[in-house]
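The numbers here are math on the coordinates, done by the rules we state, and not lab data. For clarity, every value in this text was computed on a predicted model and none was experimentally measured. Using ideal geometry, Cβ is built from the backbone for each residue, glycine included, and neighbour counts are taken over all protein chains shown.
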Ligand SMILES: [Mg+2]
């Protein structure tokens, strides 16, 4: 158990403040699995999220690089704020946001070029996420991954208004609009804080990836941030894996229940 982290969270909640929990999905709530399609939420974790979601003292958000509908379907808990495409789209819990400068049309050319290029690389797969387009290469043989990288680089050069976010065996192409998980968590926290009463709520953010570092940085001095897994990070705390995050969330659910 991450004792120092738990002590800190419980000390803050003992003051009677509300809790804003913002969580990444893959690698944070589910272990990283060979195929992202298989990243299913364990029923016990879903039950804990459900307990947090119904607590009047808590607002729960799940923020993912996945498409909004995908992450919502995987979590399947009512009352949760869901953020897809790295926060470009946010829905649920009374919030609704669609980044005003993002139009699906900006992605059309990149999507077409990625699809055409991927057709000649066995195992490469293009996913259209509405506000982002992704080139998946988990199933591409190691010897052909250079072709994936050069396809991604070529499309990036031809799409100066898109930004590439490298993930786990995936390149996400997102519109370059100065938005990331950091901006998204600040947006969510600002909007939900007032609904939890006059006192400043405790903000908890957990994530396992490079894209979560923007959220850790954005919450510096404003929240408690947790990096799941190893790697350099600006987060306040580290935990080894999904099991520990679940233990923390279970204790939070008890504390606010
Ligand atoms: Mg993740």
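In what order do 25, 82 fall by count of nearby beta-carbon atoms within 10 Å, going from fewest to most?
In increasing order of surrounding Cβ atoms, one gets 25, 82.
Given a cut-off of under 8 Å on Cα pairs at least six residues apart, what relative contact order in percent is computed for the chain?
24
Specify whether the C-alpha gyration tensor of the range 106-175 places it in the rounded, prolate or oblate class, a ≥ b ≥ c being the square roots of the eigenvalues: rounded for a/c under 1.5, otherwise prolate if a/b is larger than b/c and oblate if not.
Since a/c reaches 1.5 and a/b is larger than b/c, the shape of the range 106-175 is classed as prolate.
Shape call for the chain from the C-alpha gyration tensor, a ≥ b ≥ c root eigenvalues: rounded (a/c under 1.5), prolate (a/b greater than b/c) or oblate?
Verdict is prolate for the chain.
Pairing the Cα long axis of helix 181-193 with the longest principal axis of the chain, what angle in degrees results, from 0 to 90 and rounded to the nearest 10?
30
To make sure I understand, if each residue's beta carbon is the centre and we count other beta carbons within 10 Å, what order do 86, 98 fall in, fewest to most?
Details: 86 27, 98 14.
Final ranking by Cβ density, sparse to dense: 98, 86.
Given the peptides 28-39, 124-135, arrange them by the average over their residues of other C-beta atoms within 10 Å, most packed first.
Ranked from most to least packed, the peptides come out as 124-135, 28-39.
Tell me, how many Å apart are the Cα centres for the range 88-123 and for the range 125-172?
12
Report the gain in length on full extension from residue 32 to residue 250: 0.36 nm times residue separation, minus Cα-Cα distance, nm rounded to one decimal. Walk me through the intermediate numbers first.
Details: separation 218, 0.36 × 218 = 78.48 nm, distance 2.07 nm.
Full extension of this stretch gives 76.4 nm more.
How big is the antiparallel share of DSSP beta bridges in the chain, given as a percent to the nearest 5?
That works out to approximately 50 percent antiparallel.
Given labels modelled 7 Å from the Cα in the Cβ direction, how far is it in nm from residue 112 to residue 146?
The answer from the label model is 3.0 nm.
So how far, in whole Å, is the C-alpha centre of the range 4-47 from the one of the range 204-226?
Each part reduced to its Cα centre gives a spacing of 13 Å.
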